[in-house]
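The structure appears right after this line, and notes come after that.
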Amino acid sequence: NWIIAHMEEPDFAEPLSIPGYGGTAFPQTGGSGAPGLDNQPPEEMVSIISSMGFQRNVALQALRATNNNLEHALDWIFSHPEPEEEIEVASEVMNIENHMNANILAESDPEGPRIKDGPGRYELFGFISHMGTSTMSGHYVCHLKKEGRWVIYNDHKVCASEQPPIEL
């Protein structure tokens, strides 16, 4: 039962390390005694966390604190919120960078966009909805707009959809 419950964990296939038996269960420590300061986290993991909206330094700190375990690093980030001063400094830096980027863009293309095709015109022509009491039971159906009328596709049945749940 334990194997089935834990086989999805990223470190499941790694060898077991037990303290006092030739291995350690803790991340390696650098000369400063802090865990994992001498190892640089993989850039791919840093990019993944950064793409979720977290700052690069926070991603690096979280990965180092969790021995480069991506899932644990995300848990670490949520359990270690930044102090308000760091957030204010970070927002000031972002404002400065945005201002600099805006100046660069203004200098490189003073004419603005070359293609002006007007505002977008969109129309909903299909969506999928769930029919059932919960996500654990029920099934999904497809609603498509055909010739101005809504049609529901429910397994092998196709019929007119009198009240499609568009507002939800």
Quiz prompt | Inter-label distance, nm, simple model (7 Å from Cα along the C-beta direction), D75/D155 | solution = 4.0 nm
Self-check item: Modelled FRET efficiency - R0 25 Å, E14 with I48, Cβ distances, 0.05 increments
Solution: 0.80
Quiz item: Between I4 and E147, how many nm apart are label points set 7 Å from Cα along the C-beta direction?
Solution: 5.2 nm
Self-check item: Gyration tensor (alpha-carbon) shape descriptor, the range 41-83, a/c threshold 1.5
Solution: oblate
Quiz item: Residue-wise, which Karplus ³J(HN,Hα) couplings in Hz belong to the range 50-56, taking 6.51 cos²θ - 1.76 cosθ + 1.60, θ = phi - 60°, and x for glycine or proline?
Solution: 5, 5, 8, x, 8, 6, 4
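Each value in this text was obtained by applying a stated rule to the coordinates, not by laboratory testing. Remember, it's a predicted structure, so these values are computed and weren't measured experimentally. FYI the Cβ positions are ideal-geometry reconstructions off the backbone, even for glycines, and counts take in every protein chain you see.
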